[in-house]
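Right, one structure below, let's go through it.
The values are calculated or read from the model by the stated rules, or taken from the named source; none is laboratory data. Everything numeric here is computed off the predicted structure, so don't read it as measured data. These accessible areas exclude ligands, DNA and RNA; they are computed on the full protein's heavy atoms, side chains included. Shrake-Rupley method; radii C 1.70, N 1.55, O 1.52, S 1.80 Å.
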Amino acid sequence: MTENNTYPFINLPLPYAYDALEPFIDEQTMHLHHDKHLQTYIDNLNAALEKEPRIRQLPLKQLISYADRLPQPLQNTIRNNAGGVYNHRFYFDQLTNPSDGKPTGALLRDINKTFGTFDKFKSDLKAAALSVFGSGYAWLVVDGKQLKIVTTANQDVPSRYCPILNIDVWEHAYYLKHYNVRADYIDDLFQIINWNVVEERYKQCLIK
Ligand code: MN3
């Protein structure tokens with residue numbers, strides 16, 4: 001579970017070493033992605049909240065859902081930067097050392113029920129991730145009790161659903177190693193998913 005849910009936001013350390021995801025995600029990408037890109041969202045969010053005492057104490061997810069009611073340009077600033085913090089923490093927390101892992105138990109059963117097979121699920125999620133034009137994310141979410149794949153643009157969060165897995169398809173997530181070949185990055189990402197984390201999220205979504 002993530003601590004530090006309110007202002008001032010800090011960049012929590014990765015739950016593994018920077019080189020832990022090699023050879024699928026390289027160490028340099030992890031340094032840039034976590035220490036520079038995520039840090040920038042955190043700094044920008046803190047700078048915006050410093051000037052907005054009325055919303056400063058809202059937890060991260062409430063900031064995101066409240067953003068719609070804020071005047072422009074504060075609305076965009078909060079949506080993009082609070083979303084950037086939430087989405088990146090969510091992404092980093094679900095990764096782990098390479099393994100042949102796949103989900104077990106209820107999650108595997110329900111993936112098979114929804115998508116046919118685990119391989120079909122992976123190809124559907126990959127297709128969704130490839131379909132994101134420009135920057136954004138592909139997600140595995142729970143909609144009511146139903147698994148579903150959705151995509152979001154920029155740093156938007158799929159607020160209508162309970163998310164359990166995301167794929168960051170911003171080029172900064174893969175460009176150093178995979179260049180422009182997003183498909184190869186997605187294949188590599190499937191080698192480093194921490195399915196225990198995803199299964200735990202699934203359990204939490206189902207009891208909401
Ligand atoms: Mn990113």
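Worth pointing out:
- Helix axis angle, 39-50 relative to the chain longest principal axis, alpha carbon, degrees: 30 degrees
- Size descriptors for the range 1-50 (Cα atoms only): Rg and Dmax, in that order, 12.6, 40 Å.
- Amide hydrogen proximity for residue 142: with H placed 1.01 Å from N in the peptide plane, the residues at 5 or more positions away or on another chain lying under 5 Å are 162, 164.
- Accessible surface of the chain [probe 1.4 Å, protein heavy atoms]: carbon and sulfur percent: 51 percent
- Computed over protein heavy atoms with a 1.4 Å probe, the accessible surface of the range 56-201 works out to 45 Å² per residue.
- When shorter helices are ignored and each DSSP H run of at least 4 residues is given -39500 (n - 2.57), the per-residue value for the chain at 222 nm works out to -13500 deg cm²/dmol.
- Within a straight-line Cα-Cα reach of under 27 Å, residue 148 can be paired with the following lysines, leaving aside sequence neighbours fewer than 8 residues apart in one chain: 61, 102, 113, 120, 122, 126, 203, 208.
- Only protein heavy atoms count here; on that basis, with a 1.4 Å probe, residue 203 has an accessible area of about 120 Å².
- With respect to the chain, whose longest principal axis is taken over its alpha-carbon atoms, helix 195-206 is tilted by about 70°.
- A viscosity of 0.692 mPa s and a temperature of 37 °C, combined with the Kirkwood radius over Cα pairs in Stokes-Einstein, give a translational diffusion coefficient for the chain of 187 µm²/s.
- Surface accessible to a 1.4 Å probe, residue 50 within the full protein complex, Å²: 120 Å²
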